[in-house]
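Here's the structure, in structure tokens; my notes come after.
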Amino acid sequence: MHFCATHLDKKDFLGKSDPFLIFYRANEDNSYTTVHKTEVIKNTLNPTWRPFTITARALCNGDYDRSIKVECYDWDGDGGHDLIGVFTTNLREITRGGSSGSTYQPFTREVINPKKKAKKKNYKNSGQVTVMNCKIEINPSFLDFVKGGTQLNFTVAIDFTASNGNPSSPTSLHYNSPYQPNQYGSAIQAVGEIIQDYDSDKLFPVLGFGAKLPDGSISHEFPVNFNSANPYCAGIQGVMQAYYGALQQVQLYGPTNFAPVIQHVAKFATSMRDGNNYFVLLILTDGVITDLPNTIEAIVHSSGLPLSIIIVGVGNAEFDAMDVLDADNQKLSSRGKQAVRDIVQFVPFRDFLGGKFGNNMQVSQAALAKEVLAEIPDQFLQYMKANNIKPKPPQENVRMPGQGAPSIPPPQGGAPNMPPQQGMPNQGTSPYPQGPAPAYPQGGPQQNAPSRPPPPGGAAAPPYPM
């Protein structure tokens, strides 16, 4: 909506007025709730305020005939704003305006000051407010896109740097306890169990970074199942199997570089921008980022893609750099280019352990999942709206979360209880290419993930550095 006013009353002794508008929604008990305030325009009786957007739910609870009260005030620095006048309308009247065909014709309402009207017999009004333009846009929901067949493609990236501690020690963040999952496993389960309901084939690529591989190379982007041609893991159980299996075959090393795994997923998101696929990258890490400038550049480059990045910090390290990446207050920028939108959500897992969540890991997992996934629908919708992508009509074969067994049979060989190397994706169902994994610079000589699976029985990891 876009409003202006003319011939407003002069309220300032040495000037004119500093007008602004306040919009109120009428409630069932005849009270009013403030829903919007315009900016103040200084020293004028004929202001034109900036256009603004508001949901119909906020403005009038979606009821086009519900009363909307608009008050016009003269701003005062001490907070004692003076009422210029008031008028009432409703959304039906505003949207209809003086419309002629498809062109919106502005319409005007008189602004009335009740005290002046009661005192002056010849009082007419205290000015006029005009609706210059009003446009209704139907905003589809996240679930509208899901019902239309949009797939969420979930990728996990796990930190295998030495700062996690020796996996054979109970103090290690990678320690495989027989009693409950470690923080890495808990985070994978918490987020994955929800995300997988929006992915029909339940096949997830899992990447590792910061490890010395069995062939002696150091990689910041390797398939955790050691199968470059098919890095998929079948279901969350397959992800967990691949993760624990990799701990037996790699040496935790370093440094902590995020850019390669972000670039890895961004490559596939770049080729699938039509709204049929949206990518979610879950990065699990224990420490400070080593390649912060490169990571920021990768995020800025990816901010216009169908991609969201969730970073879960495990352990008790300082995560100051993560707050920089989770740019809620100011958009990231790199090399003079600003991020199109905020695509990063960071949450430290320690905030969900103990305290009000107690020692119950399931309760902590549920709280973590709620927190880290909270921004995904809005980030998803921002991408779709920015690219003018509308949801497709609902598909009968799309299973919504919680609706029972899927109506589409699972892919061949993709049963969740199979080892991850055996879960082969159907051709055409998953966006991940079938072939060697792409190579990315590792900040030195080219170090690629091995293109062969480990030898039978697994390769022994080199001695852990003490």
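The values are calculated or read from the model by the stated rules, or taken from the named source; none is laboratory data. The model shown is predicted, which means the values in this text are computed figures rather than measured ones. For neighbour counting, all protein chains shown are included, and Cβ atoms are generated from backbone atoms with ideal geometry for every residue, glycine included. In case anyone asks, the SASA skips ligands and DNA or RNA and just uses the protein heavy atoms, side chains included. Shrake-Rupley method; radii C 1.70, N 1.55, O 1.52, S 1.80 Å.
Under 7 Å by Cβ, and 6 or more places apart or on different chains, what pairs join a residue from segment 170-189 that is among the aromatic types (Phe, Trp, Tyr) with one that is open to solvent by 10 Å² or more (accessible area, probe 1.4 Å)?
Tyr175/Pro167; Tyr175/Ser169; Tyr175/Asn182; Tyr184/Leu173
Among the residues that make up segment 290-312, is at least one of them under 13 Å from Val156 (Cβ atoms) and touching a residue at least 60 places away in the same chain (Cβ under 8 Å)?
Yes, that holds for at least one residue.
Conditions tested, residue by residue: (1) open to solvent by 10 Å² or more (accessible area, probe 1.4 Å); (2) within 27 Å of Val146 (Cβ to Cβ); (3) touching a strand residue (DSSP E or B) at 6+ places or on another chain (Cβ under 9 Å); (4) not in a helix (DSSP H, G or I).
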site	(1), (2), (3), (4)
Ile289	yes, no, no, yes
Ile296	yes, no, yes, no
Val300	no, no, yes, no
Ile311	no, yes, yes, yes
Ala321	yes, no, no, no
Gln330	yes, no, no, yes
Val347	no, yes, yes, yes
Ala366	yes, yes, no, no
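Among the listed residues Gln180, Gln189, Gln249, identify the single one that is polar (S, T, N, Q) and outside any loop (DSSP other than H, G, I, E, B).
Just one listed residue meets the conditions, Gln189.
Residue-by-condition table, conditions (1) part of a loop (DSSP other than H, G, I, E, B); (2) more than 11 Å from Asp74 (Cα to Cα):
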| position | (1), (2) |
| --- | --- |
| Asp29 | yes, yes |
| Thr33 | no, yes |
| Ile41 | yes, no |
| Thr44 | yes, no |
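Go through (1) touching an Asp or Glu at 6+ places or on another chain (Cβ under 8 Å); (2) surrounded by 13 or more Cβ atoms within 10 Å (Cβ to Cβ); (3) not β-branched (Val, Ile, Thr) for Lys69 and report which single condition fails.
It fails just one condition, (1).
So for segment 201-223 (the condition being within 23 Å of Glu371 (Cβ to Cβ), part of a loop (DSSP other than H, G, I, E, B) and modelled with pLDDT under 95), does at least one residue qualify?
No: zero hits.
Being closer than 30 Å to Ala386 by Cα, among the polar types (S, T, N, Q) and open to solvent by less than 60 Å² (accessible area, probe 1.4 Å) is the filter here, so list the residues in segment 112-155 that pass it.
Selection gives Thr130, Ser141, Thr150, Gln151, Asn153, Thr155.
Can you say whether Ser219 is open to solvent by 10 Å² or more (accessible area, probe 1.4 Å) and of a type in the set (Gly, Ala, Ser), as far as the supplied structure shows?
no
Residues checked against (1) open to solvent by less than 10 Å² (accessible area, probe 1.4 Å); (2) in contact with a helix residue (DSSP H, G or I) (Cβ under 7 Å, 6 or more places away or on another chain):
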| residue | (1), (2) |
| --- | --- |
| Asn176 | no, yes |
| Ile194 | no, yes |
| Cys233 | yes, yes |
| Leu247 | no, no |
| Tyr253 | no, yes |
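Suppose we filter Gln237, Gln263 for residues that are touching a Phe, Trp or Tyr at 6+ places or on another chain (Cβ under 6 Å), under 30 Å from Leu143 (Cα atoms) and polar (S, T, N, Q); which single one remains?
Going through Gln237, Gln263 in turn, the sole match is Gln263.
Which residue is nearest to Asn139 (Cα to Cα), if the candidates are limited to segment 54-68 and must be among the small types (Gly, Ala, Ser) and either in a loop (DSSP other than H, G, I, E, B) or modelled with pLDDT of 95 or more (or both)?
The extreme case among them is Gly62.
Just the residues that are closer than 15 Å to Gln241 by Cβ and touching a Ser or Thr at 6+ places or on another chain (Cβ under 8 Å), please, taken from segment 190-210.
Answer for segment 190-210, where residues must be closer than 15 Å to Gln241 by Cβ and touching a Ser or Thr at 6+ places or on another chain (Cβ under 8 Å): Leu203, Phe204, Pro205, Val206, Gly208.
Checking Thr88 against (1) open to solvent by 40 Å² or more (accessible area, probe 1.4 Å); (2) modelled with pLDDT under 95, only one condition comes out false. Which one?
(2)
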